[in-house]
Amino acid sequence: MKTRKQKKSGFTLVELMVVAIIVAILAAVAIPLMTGNKDRAMATEGQAGCTTIATQLRMHYAEHGNYTGIASPVNLAGIRAGDLNGTYFNDASYVLTTLTDGDDYTITATGKGDAAGKTIVMTVTGGNAVWSGTLLQ
């Protein structure tokens with residue numbers, strides 16, 4: 001009489017531990033990469049909004065010869081309410097400050113949601129833009 005051996009199926013503990021170690025290594029590499037990508041996405045969105053405002057400011061300057069009379073970036077011709085809304089910044093995130101001589105300005109974008117408290121600052125002096133802020137460090 002022949003006896004039949006039952007075949008066991010499944011994974012051994014060693015195989016499961018190897019898979020767990022591989023997953024942990026991949027997570028350790030991927031999480032910092034994704035965090036860096038998210039910060040760059042926040043910075044890019046803030047810079048795009050600042051650049052949009054700066055373009056409209058140049059058009060205003062070409063028409064009026066100065067930057068006076070602009071209370072808010074949303075008051076600029078060519079920028080409508082909602083145009084600056086994005087994932088990390090919205091219309092209310094952007095603050096325009098005219099510097100003392102009236103020809104230079106600073107645009108500060110303060111994030112919302114995941115970017116709360118993080119900033120992008122575009123300072124234009126003599127036509128040259130300098131970027132700063134916590135998202136660019």
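The values are calculated or read from the model by the stated rules, or taken from the named source; none is laboratory data. All values reported here derive from a predicted model rather than from experimental measurement. Note that we place each Cβ from the backbone using ideal geometry, even for glycine, and neighbour counts take in every protein chain shown.
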- prompt: For Q6, which of the numbered conditions (1) more than 30 Å from L136 (Cα to Cα); (2) of a type outside the set (D, E, K, R); (3) surrounded by 10 or more Cβ atoms within 10 Å (Cβ to Cβ) fails to hold?
  reply: (3)
statement: Within segment 75-100, restricting to residues that are over 14 Å from the mean Cα position of the chain (by Cα) and aliphatic (A, V, I, L, M), the one that is modelled with the lowest pLDDT is L99
query: Which of (1) in a helix (DSSP H, G or I); (2) more than 17 Å from M122 (Cα to Cα) is the odd one out, the single condition Q6 does not satisfy?
result: (1)
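Anything in segment 124-137 that is under 17 Å from Q56 (Cβ atoms) and buried (at least 17 other Cβ atoms within 10 Å of the Cβ)? List them, or say none.
Listed by number, the list holds a single entry, V124.
Looking at A62, is it under 30 Å from V124 (Cα atoms), hydrophobic (A, V, I, L, M, F, W, C) and loosely packed, with under 10 Cβ neighbours inside 10 Å? Even if it seems obvious, please write down each step before you answer.
Working: under 30 Å from V124 (Cα atoms): yes; hydrophobic (A, V, I, L, M, F, W, C): yes; loosely packed, with under 10 Cβ neighbours inside 10 Å: yes.
Spelling it out, A62 is indeed under 30 Å from V124 (Cα atoms), hydrophobic (A, V, I, L, M, F, W, C) and loosely packed, with under 10 Cβ neighbours inside 10 Å.
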- prompt: Could you list, in sequence order, the residues of segment 84-102 that are in contact (Cβ under 8 Å) with a residue 24 or more places away in the chain and either over 20 Å from V124 (Cβ atoms) or in contact with a strand residue (DSSP E or B) (Cβ under 9 Å, 6 or more places away or on another chain) (or both)?
  reply: L84, G86, T87, Y88, F89, S93, Y94, L96, T98, L99
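Among the residues of segment 92-118, how many are buried (at least 18 other Cβ atoms within 10 Å of the Cβ) and more than 15 Å from T51 (Cβ to Cβ)?
Here is the first cut: in segment 92-118, the ones buried (at least 18 other Cβ atoms within 10 Å of the Cβ) are 93-94, 96, 105, 107-111, 115, 118.
Pick out the ones that are also more than 15 Å from T51 (Cβ to Cβ) and you get 110-111, 115, 118.
Residues in segment 92-118 being buried (at least 18 other Cβ atoms within 10 Å of the Cβ) and more than 15 Å from T51 (Cβ to Cβ): 4 in total.
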Neighbours by Cβ (under 8 Å, 6+ apart or cross-chain): first from segment 47-62, aromatic (F, W, Y); second surrounded by 15 or more Cβ atoms within 10 Å (Cβ to Cβ): Y61/Y67; Y61/D103
query: Can you name the residue in segment 119-134 that is farther than 18 Å from T52 by Cβ and not β-branched (V, I, T) and, of all such residues, is nearest to the chain's Cα centre (by Cα)?
result: S132
field: Flag for T106 being of a type in the set (V, I, T), closer than 19 Å to A71 by Cα and in contact with a Phe, Trp or Tyr (Cβ under 9 Å, 6 or more places away or on another chain)
entry: no
